[in-house]
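The structure appears right after this line, and notes come after that.
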Amino acid sequence: MSLLHLQFSSVRSPPSLPSKSSIPTACAAQSSFPSSSSPASKSSRSSSSALSSPSTKQKDHQHHNGSIFGVRSSLDTVGLTVGQVTEVNKDTFWPIVNAAGDKTVVLDMYTQWCGPCKIIAPKFQELSEKYSDVVFLKLDCNQENKPLAKELGIRVVPTFKILKDKKVVTEVTGAKFDDLVSAVESARAS
């Protein structure tokens, strides 16, 4: 399987990054997910979920320069901090979007092994610090978050979904920072 396909059944170490001029802006996603009944996917699911999301208790106690919003999800209380990027999963994404109210929400859909995802991540963090009126979220498109990734129509990573009033209003595919900034500013203005 090509490196440019999402690997939902295994956690891989990232390859060496190519030179800046040869870095693709996106990684293609597989249209079908591997079966969760194989032994490899069961063992990697537990290891990838341990790597991809901090515990909710850690999130509940994060305080940073900015406002804290709390919402009761079906599993636990979820904390949301404006001015930084918040990691979400299939269970916490929609409750946080609902808690954001009329604020613009920007979701970075990425994978652990994607080179372009790693390159744009620090710039995405800088945007979250610049726009304190926008909620910035990130979702690891691993096996555990497969239902949400499919619901949101992920095809390539990184994909940035921009939501306003709990609806996706636009998306930016690939590590196209200027396009992302334009889309965020347009959503904020509407």
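On a 1.4 Å probe surface of the protein chains, which of Asp179, Asp108, Asp133 comes out largest in accessible area, and what is the full order?
Values: Asp179 85, Asp108 10, Asp133 60 Å².
Order by accessible area, largest first: Asp179, Asp133, Asp108.
If you keep only loop residues by DSSP, which trypsin sites (Lys or Arg not before Pro) in the range 104-190 have at most 16 other Cβ atoms within 10 Å of their Cβ?
Details: sites: Lys118, Lys123, Lys130, Lys138, Lys150, Arg155, Lys161, Lys164, Lys166, Lys167, Lys176, Arg188; in loops: Arg155, Lys166, Lys176.
Of the trypsin sites (Lys or Arg not before Pro), the ones in loops of the range 104-190 whose Cβ has at most 16 other Cβ atoms within 10 Å are Arg155, Lys166.
On full extension of the chain, what length is gained from Lys167 through Ile119, given 0.36 nm per residue of separation minus the C-alpha to C-alpha distance?
Using 0.36 nm per residue and subtracting the Cα-Cα distance, I get 14.5 nm.
To one decimal place, what Kirkwood hydrodynamic radius in Å is obtained for the range 92-134 from all pairs of distinct Cα atoms?
Working: mean 1/r = 0.0847 Å⁻¹.
Taking the inverse mean of 1/r over all distinct Cα pairs, the range 92-134 comes out at 11.8 Å.
Can you tell me the length gained on complete extension of the stretch Ser182 to Asp133, counting 0.36 nm per residue apart and subtracting the Cα distance?
Contour length minus the Cα-Cα distance gives 16.1 nm.
The values are calculated or read from the model by the stated rules, or taken from the named source; none is laboratory data. Source: prediction; values computed, not measured. For neighbour counting, all protein chains shown are included, and Cβ atoms are generated from backbone atoms with ideal geometry for every residue, glycine included. Side chains included, ligands, DNA and RNA excluded: accessible areas come from the protein's heavy atoms. Shrake-Rupley method; radii C 1.70, N 1.55, O 1.52, S 1.80 Å.
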